[in-house]
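Reviewing the structure listed below.
The values are calculated or read from the model by the stated rules, or taken from the named source; none is laboratory data. Everything numeric in this text was worked out from a predicted model, so none of it was measured. FYI the Cβ positions are ideal-geometry reconstructions off the backbone, even for glycines, and counts take in every protein chain you see. Note: areas computed on protein heavy atoms with side chains; ligands, DNA, RNA excluded. Shrake-Rupley method; radii C 1.70, N 1.55, O 1.52, S 1.80 Å.
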Amino acid sequence: MSNRKIFTLFQLNTAIQRKINEVTRDRTFWIKTEITSINLNQRSGHYYIELAHTLEGKTVAKANAQIWASTALAIKNELGSDFNNILNQGSEVLMLCKVR
């Protein structure tokens, strides 16, 4: 049997979360990104989004994001009928985000 250290998924995720919290200190960040997919959960009202940054035709960064139902409602109230035109696959958006 080898002497390698084996971690559980929970241990790995906890260590990553701790490091992210240490670096970001629960701050928010403005990011400019493209929405590559967006899906509404009809039951909960939450939006699940895939974001990407493309450089010279190559995807160099990807992330998943969520817009909780209460926040989505506030955004809809702000944007009105433009909501579906702005929060749409292929749209480049500026988002205020918190890393979790």
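Evaluate the following for N77: is it assigned to a strand (DSSP E or B) and loosely packed, with under 13 Cβ neighbours inside 10 Å? Walk me through it before giving the result.
On the way: assigned to a strand (DSSP E or B): no; loosely packed, with under 13 Cβ neighbours inside 10 Å: yes.
So N77 does not fit the description; no.
Quick check on the stretch 32-48. Is at least one of its residues modelled with pLDDT of 95 or more, out of contact with any Asp or Glu (no Cβ under 7 Å at 6 or more places or on another chain), assigned to a helix (DSSP H, G or I) and not hydroxyl-bearing (S, T, Y)?
no
Considering only the stretch 1-31, how many residues are part of a loop (DSSP other than H, G, I, E, B) and surrounded by fewer than 10 Cβ atoms within 10 Å (Cβ to Cβ)? Let's see the steps before the verdict.
Initial filter on the stretch 1-31 (part of a loop (DSSP other than H, G, I, E, B)): 1-8, 25-27.
Applying the additional criterion that residues be surrounded by fewer than 10 Cβ atoms within 10 Å (Cβ to Cβ) yields 1-6, 8, 25-27.
The total comes to 10.
For I49, state whether it is under 30 Å from A15 (Cα atoms), in contact with a Cys (Cβ under 9 Å, 6 or more places away or on another chain) and not polar (S, T, N, Q). Show your work before the answer.
Details: under 30 Å from A15 (Cα atoms): yes; in contact with a Cys (Cβ under 9 Å, 6 or more places away or on another chain): no; not polar (S, T, N, Q): yes.
In short, no.
Would it be correct to say that S70 is at pLDDT 95 or above, open to solvent by less than 80 Å² (accessible area, probe 1.4 Å) and among the hydroxyl-bearing types (S, T, Y)?
Working: at pLDDT 95 or above: yes; open to solvent by less than 80 Å² (accessible area, probe 1.4 Å): no; among the hydroxyl-bearing types (S, T, Y): yes.
In short, no.
Take E50 and tell me if it is touching a His at 6+ places or on another chain (Cβ under 9 Å) and either of a type in the set (V, I, T) or open to solvent by less than 70 Å² (accessible area, probe 1.4 Å) (or both). Step through it out loud before you land on a result.
Working: touching a His at 6+ places or on another chain (Cβ under 9 Å): no; either of a type in the set (V, I, T) or open to solvent by less than 70 Å² (accessible area, probe 1.4 Å) (or both): yes.
So E50 fails the test.
How do the pairs read when you match residues in the stretch 16-36 that are farther than 11 Å from M95 by Cα with residues anywhere that are open to solvent by 100 Å² or more (accessible area, probe 1.4 Å) and of a type outside the set (V, I, T), using Cβ under 8 Å and keeping only pairs 6 or more apart or on different chains?
Q17/R100; I20/R100; T36/K62; T36/Q89
Quick check: anything in the stretch 51-70 hydroxyl-bearing (S, T, Y), assigned to a strand (DSSP E or B), in contact (Cβ under 8 Å) with a residue 12 or more places away in the chain and in contact with a strand residue (DSSP E or B) (Cβ under 9 Å, 6 or more places away or on another chain)? Outline the logic, then answer.
Step one: filter the stretch 51-70 for residues hydroxyl-bearing (S, T, Y), giving 54, 59, 70.
Those still in the list that are assigned to a strand (DSSP E or B) too: 54, 59.
Subsequent filtering for residues that are in contact (Cβ under 8 Å) with a residue 12 or more places away in the chain retains 54.
Okay, now just the ones that are also in contact with a strand residue (DSSP E or B) (Cβ under 9 Å, 6 or more places away or on another chain), so 54.
There is at least one residue in the stretch 51-70 that is hydroxyl-bearing (S, T, Y), assigned to a strand (DSSP E or B), in contact (Cβ under 8 Å) with a residue 12 or more places away in the chain and in contact with a strand residue (DSSP E or B) (Cβ under 9 Å, 6 or more places away or on another chain).
Are any of the residues in the stretch 86-95 open to solvent by 80 Å² or more (accessible area, probe 1.4 Å), in a strand (DSSP E or B) and acidic (D, E)?
We begin by selecting, within the stretch 86-95, every residue open to solvent by 80 Å² or more (accessible area, probe 1.4 Å); these are 89, 92, 94.
Filter once more, keeping what is in a strand (DSSP E or B): 92, 94.
Pick out the ones that are also acidic (D, E) and you get 92.
Yes, the stretch 86-95 contains a residue that is open to solvent by 80 Å² or more (accessible area, probe 1.4 Å), in a strand (DSSP E or B) and acidic (D, E).
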